[in-house]
Amino acid sequence: MAAGALLIAVVAAVLVHMGSFDVAADKPHSQPVFWLMDTVRERSVAIRAAGITVPGDLTDAKRVASGAAQYDEMCSLCHLAPGMKRTEISRGLYPRAPELRRKSDLTPAEQFWVVKHGLKMTGMPAWGVTHDDELLWDVVAFLRKLPDLTADQYQTLVKSAPKSHDEMMHEMKMDDGQDHDDQP
Ligand code: HEC
(Lines give C-alpha, C1' and ligand atoms only; values in the text may rest on other atoms or scores of the structure.)
Protein backbone atom coordinates (compact mmCIF):
# COMPACT_ATOMS: atom_id res chain seq x y z
CA MET A 1 0.00 0.00 0.00
CA ALA A 2 2.61 2.52 1.16
CA ALA A 3 4.93 1.62 -1.73
CA GLY A 4 2.02 2.03 -4.19
CA ALA A 5 1.13 5.45 -2.79
CA LEU A 6 4.77 6.52 -2.93
CA LEU A 7 5.02 5.38 -6.56
CA ILE A 8 1.91 7.40 -7.51
CA ALA A 9 3.32 10.48 -5.75
CA VAL A 10 6.66 10.14 -7.53
CA VAL A 11 5.04 9.66 -10.96
CA ALA A 12 2.78 12.69 -10.34
CA ALA A 13 5.77 14.81 -9.29
CA VAL A 14 7.70 13.80 -12.41
CA LEU A 15 4.72 14.58 -14.67
CA VAL A 16 4.30 18.01 -13.05
CA HIS A 17 8.02 18.71 -13.32
CA MET A 18 8.02 17.74 -17.02
CA GLY A 19 5.18 20.21 -17.67
CA SER A 20 2.96 17.40 -18.96
CA PHE A 21 -0.27 19.19 -18.10
CA ASP A 22 -1.00 21.86 -20.71
CA VAL A 23 -2.34 24.97 -18.92
CA ALA A 24 -3.06 26.80 -22.21
CA ALA A 25 -6.58 28.27 -22.27
CA ASP A 26 -6.85 27.61 -26.01
CA LYS A 27 -6.53 23.83 -25.49
CA PRO A 28 -9.66 22.21 -24.00
CA HIS A 29 -9.41 19.75 -21.10
CA SER A 30 -9.36 16.05 -21.87
CA GLN A 31 -12.70 14.35 -21.16
CA PRO A 32 -11.67 12.87 -17.77
CA VAL A 33 -10.21 16.20 -16.53
CA PHE A 34 -13.31 18.07 -17.76
CA TRP A 35 -15.57 15.62 -15.94
CA LEU A 36 -13.50 15.92 -12.77
CA MET A 37 -13.48 19.75 -12.79
CA ASP A 38 -17.20 19.89 -13.54
CA THR A 39 -18.08 17.47 -10.76
CA VAL A 40 -15.77 19.14 -8.23
CA ARG A 41 -17.39 22.53 -8.96
CA GLU A 42 -20.94 21.20 -8.87
CA ARG A 43 -20.53 19.39 -5.53
CA SER A 44 -18.47 22.16 -3.95
CA VAL A 45 -21.11 24.80 -4.76
CA ALA A 46 -24.10 22.59 -3.85
CA ILE A 47 -22.70 21.74 -0.40
CA ARG A 48 -21.64 25.31 0.41
CA ALA A 49 -24.88 26.90 -0.79
CA ALA A 50 -27.10 24.51 1.16
CA GLY A 51 -27.29 26.66 4.31
CA ILE A 52 -28.00 29.99 2.56
CA THR A 53 -31.37 31.66 3.28
CA VAL A 54 -32.89 33.15 0.13
CA PRO A 55 -34.68 36.52 0.62
CA GLY A 56 -38.45 36.36 0.05
CA ASP A 57 -38.55 39.36 -2.31
CA LEU A 58 -36.43 38.14 -5.24
CA THR A 59 -39.21 39.00 -7.73
CA ASP A 60 -39.40 42.61 -6.46
CA ALA A 61 -39.19 44.95 -9.48
CA LYS A 62 -36.72 47.32 -7.79
CA ARG A 63 -34.35 44.46 -7.01
CA VAL A 64 -34.56 43.16 -10.58
CA ALA A 65 -33.90 46.62 -12.09
CA SER A 66 -30.96 47.27 -9.78
CA GLY A 67 -29.57 43.82 -10.62
CA ALA A 68 -29.95 44.50 -14.35
CA ALA A 69 -27.74 47.59 -14.16
CA GLN A 70 -25.12 45.72 -12.11
CA TYR A 71 -25.20 42.83 -14.56
CA ASP A 72 -24.79 45.08 -17.57
CA GLU A 73 -21.79 46.77 -15.99
CA MET A 74 -20.03 43.86 -14.29
CA CYS A 75 -21.08 40.60 -15.95
CA SER A 76 -22.11 41.08 -19.59
CA LEU A 77 -18.50 41.43 -20.74
CA CYS A 78 -17.98 37.72 -20.04
CA HIS A 79 -21.53 36.27 -19.81
CA LEU A 80 -23.07 38.38 -22.62
CA ALA A 81 -26.67 39.56 -22.71
CA PRO A 82 -29.73 39.40 -24.99
CA GLY A 83 -28.88 41.02 -28.34
CA MET A 84 -25.16 41.21 -27.55
CA LYS A 85 -22.44 39.80 -29.83
CA ARG A 86 -19.66 37.70 -28.35
CA THR A 87 -16.91 39.87 -26.85
CA GLU A 88 -13.20 39.23 -27.25
CA ILE A 89 -12.89 38.27 -23.59
CA SER A 90 -15.79 35.81 -23.83
CA ARG A 91 -14.18 34.16 -26.85
CA GLY A 92 -10.82 33.69 -25.16
CA LEU A 93 -11.98 32.51 -21.73
CA TYR A 94 -11.52 28.87 -20.77
CA PRO A 95 -13.57 27.46 -19.21
CA ARG A 96 -16.11 29.51 -21.09
CA ALA A 97 -18.40 31.82 -19.15
CA PRO A 98 -21.86 30.32 -19.75
CA GLU A 99 -24.41 32.61 -21.39
CA LEU A 100 -26.59 33.29 -18.38
CA ARG A 101 -29.62 34.19 -20.53
CA ARG A 102 -29.95 30.44 -21.08
CA LYS A 103 -31.83 28.70 -18.28
CA SER A 104 -29.53 27.52 -15.48
CA ASP A 105 -29.74 24.40 -13.30
CA LEU A 106 -28.48 26.40 -10.33
CA THR A 107 -30.82 27.35 -7.49
CA PRO A 108 -30.90 31.02 -6.39
CA ALA A 109 -28.78 30.09 -3.33
CA GLU A 110 -26.18 28.44 -5.59
CA GLN A 111 -26.11 31.42 -7.94
CA PHE A 112 -25.65 33.72 -4.95
CA TRP A 113 -22.80 31.61 -3.62
CA VAL A 114 -20.98 31.59 -6.98
CA VAL A 115 -21.45 35.34 -7.50
CA LYS A 116 -20.25 36.12 -3.98
CA HIS A 117 -17.26 33.76 -3.80
CA GLY A 118 -16.29 33.31 -7.47
CA LEU A 119 -14.72 30.15 -8.92
CA LYS A 120 -11.02 29.39 -8.63
CA MET A 121 -9.00 28.97 -11.82
CA THR A 122 -11.82 30.05 -14.11
CA GLY A 123 -11.75 33.86 -14.25
CA MET A 124 -15.10 34.11 -12.42
CA PRO A 125 -14.43 36.85 -9.83
CA ALA A 126 -15.58 36.86 -6.19
CA TRP A 127 -17.90 39.87 -6.21
CA GLY A 128 -18.39 39.60 -2.45
CA VAL A 129 -14.94 41.12 -1.97
CA THR A 130 -16.24 44.48 -3.24
CA HIS A 131 -20.06 44.29 -2.93
CA ASP A 132 -22.46 43.67 -0.06
CA ASP A 133 -24.92 40.76 0.07
CA GLU A 134 -28.01 42.91 -0.60
CA LEU A 135 -26.60 44.11 -3.89
CA LEU A 136 -25.56 40.60 -4.89
CA TRP A 137 -29.12 39.38 -4.18
CA ASP A 138 -30.32 42.10 -6.59
CA VAL A 139 -28.06 40.53 -9.21
CA VAL A 140 -29.47 37.07 -8.47
CA ALA A 141 -33.03 38.48 -8.68
CA PHE A 142 -32.12 39.73 -12.15
CA LEU A 143 -30.51 36.40 -13.17
CA ARG A 144 -33.86 34.66 -12.48
CA LYS A 145 -35.55 37.05 -14.95
CA LEU A 146 -32.81 37.12 -17.59
CA PRO A 147 -33.85 33.98 -19.58
CA ASP A 148 -37.26 35.56 -20.33
CA LEU A 149 -35.95 38.87 -21.70
CA THR A 150 -35.72 40.06 -25.32
CA ALA A 151 -32.90 42.42 -26.31
CA ASP A 152 -35.29 45.42 -26.07
CA GLN A 153 -36.66 44.42 -22.69
CA TYR A 154 -33.10 43.98 -21.45
CA GLN A 155 -32.10 47.49 -22.53
CA THR A 156 -35.24 49.04 -21.03
CA LEU A 157 -34.66 47.28 -17.73
CA VAL A 158 -31.00 48.34 -17.54
CA LYS A 159 -31.94 51.97 -18.17
CA SER A 160 -34.79 51.88 -15.64
CA ALA A 161 -32.40 51.06 -12.78
CA PRO A 162 -32.29 53.50 -9.90
CA LYS A 163 -28.84 55.15 -9.71
CA SER A 164 -26.67 53.83 -6.93
CA HIS A 165 -25.46 56.12 -4.16
CA ASP A 166 -21.89 55.89 -5.50
CA GLU A 167 -22.90 56.91 -9.02
CA MET A 168 -24.81 59.92 -7.70
CA MET A 169 -21.85 61.02 -5.58
CA HIS A 170 -19.58 60.60 -8.58
CA GLU A 171 -21.81 62.74 -10.80
CA MET A 172 -22.11 65.44 -8.12
CA LYS A 173 -18.33 65.59 -7.90
CA MET A 174 -18.02 65.86 -11.68
CA ASP A 175 -20.58 68.69 -11.76
CA ASP A 176 -19.41 70.98 -8.97
CA GLY A 177 -16.72 72.67 -11.07
CA GLN A 178 -14.18 72.81 -8.25
CA ASP A 179 -10.58 71.71 -8.36
CA HIS A 180 -9.84 68.19 -7.24
CA ASP A 181 -6.75 66.31 -6.18
CA ASP A 182 -6.77 64.26 -9.36
CA GLN A 183 -6.75 67.32 -11.60
CA PRO A 184 -3.59 69.36 -12.25
C1 HEC B 1 -13.95 37.85 -16.33
C2 HEC B 1 -15.10 37.08 -16.77
C3 HEC B 1 -16.30 36.97 -15.86
C4 HEC B 1 -17.01 38.00 -15.30
C5 HEC B 1 -16.76 39.50 -15.42
C6 HEC B 1 -18.10 37.38 -14.59
N7 HEC B 1 -18.03 36.01 -14.72
FE8 HEC B 1 -19.37 34.65 -13.98
N9 HEC B 1 -18.23 33.12 -14.72
C10 HEC B 1 -17.11 33.28 -15.49
C11 HEC B 1 -16.64 31.97 -15.91
C12 HEC B 1 -15.43 31.70 -16.78
C13 HEC B 1 -17.53 31.02 -15.36
C14 HEC B 1 -17.55 29.52 -15.60
C15 HEC B 1 -16.66 28.76 -14.70
C16 HEC B 1 -16.78 27.28 -14.92
O17 HEC B 1 -17.23 26.80 -15.96
O18 HEC B 1 -16.38 26.58 -14.01
C19 HEC B 1 -18.52 31.79 -14.61
C20 HEC B 1 -19.57 31.20 -13.91
C21 HEC B 1 -20.62 31.91 -13.37
C22 HEC B 1 -21.81 31.33 -12.80
C23 HEC B 1 -22.10 29.83 -12.67
C24 HEC B 1 -22.88 29.41 -13.88
C25 HEC B 1 -23.25 27.96 -13.91
O26 HEC B 1 -24.32 27.66 -14.45
O27 HEC B 1 -22.49 27.14 -13.42
C28 HEC B 1 -22.63 32.34 -12.41
C29 HEC B 1 -24.01 32.24 -11.78
C30 HEC B 1 -21.94 33.58 -12.74
N31 HEC B 1 -20.72 33.29 -13.31
C32 HEC B 1 -22.46 34.83 -12.51
C33 HEC B 1 -21.77 36.02 -12.78
C34 HEC B 1 -22.29 37.32 -12.43
C35 HEC B 1 -23.66 37.59 -11.85
C36 HEC B 1 -21.32 38.22 -12.79
C37 HEC B 1 -21.35 39.73 -12.58
C38 HEC B 1 -21.63 40.19 -11.24
C39 HEC B 1 -20.22 37.48 -13.38
N40 HEC B 1 -20.51 36.15 -13.33
C41 HEC B 1 -19.08 38.06 -13.91
C42 HEC B 1 -16.51 34.46 -15.85
C43 HEC B 1 -16.93 35.73 -15.49
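The values are calculated or read from the model by the stated rules, or taken from the named source; none is laboratory data. Nothing here was measured: the structure is a model prediction, and the numbers come from that model. Glycine gets a Cβ as well: all are built from the backbone with ideal geometry, and neighbour counts include every protein chain shown. Keep in mind that these areas ignore ligands, DNA and RNA; they rest on the heavy atoms of the full protein, side chains included. Shrake-Rupley method; radii C 1.70, N 1.55, O 1.52, S 1.80 Å.
Quick check: convex hull of the Cα atoms in the chain, volume per residue, rounded to a whole Å³? Each step should come with its number before you reach the end.
On the way: hull volume 37.8 nm³, N = 184.
It comes to 205 Å³ per residue, whole-number rounded.
Would you please give the FRET efficiency between Asp22 and Asp132, computed as 1/(1 + (r/R0)^6) with r the Cβ-Cβ distance and R0 = 41 Å, to the nearest 0.05?
Values: r = 39 Å, r/R0 = 0.96.
After rounding to 0.05, the efficiency reads 0.55.
Whole Å is fine, so just give me how far the alpha carbon centre of region 93-153 lies from that of region 33-85.
2
Quick one: helix 2-17 against the long Cα principal axis of the chain, what's the angle to the nearest 10°, folded into 0 to 90?
Once rounded, the angle reads 60 degrees.
Along each of the three principal axes of the Cα atoms of region 61-160, give the extent in whole Å, ordering the values from largest to smallest.
On the principal axes, region 61-160 reaches 34, 30, 24 Å in Cα extent.
Under a plain spin-label model, where a point goes 7 Å from the Cα along Cα-to-Cβ, how far apart in nm are Ile47 and Lys159?
If labels sit at Ile47 and Lys159, their model points lie 4.8 nm apart.
In nm, what is the difference between 0.36 nm times the number of residues separating Leu6 and Lys103 and their Cα-Cα distance? Each step should come with its number before you reach the end.
On the way: separation 97, 0.36 × 97 = 34.92 nm, distance 4.55 nm.
Length gained between Leu6 and Lys103: 30.4 nm.
With the full set of protein chains in place, find how many percent of the accessible area of the chain is carbon and sulfur; take the probe as 1.4 Å.
Working: 7920 of 13230 Å².
Its accessible area is 60 percent carbon and sulfur atoms.
Please list the non-local residues whose amide H lies under 5 Å from the amide H of Met124, H modeled 1.01 Å from N, same-chain partners needing a gap of 5 or more.
Under 5 Å from the amide H of Met124: Leu119.
Can you list the HN-Hα couplings for region 82-92, worked out from phi with the Karplus curve (6.51, -1.76, 1.60; θ = phi - 60°), rounded to whole Hz and with x for Gly and Pro?
Karplus values, whole Hz, x for Gly and Pro: x, x, 9, 6, 4, 8, 4, 5, 5, 6, x.
Per residue of region 145-150, what does 6.51 cos²θ - 1.76 cosθ + 1.60 with θ = phi - 60° give for ³J(HN,Hα)? Whole Hz please, x for Gly and Pro, Karplus curve as stated.
8, 3, x, 8, 8, 7
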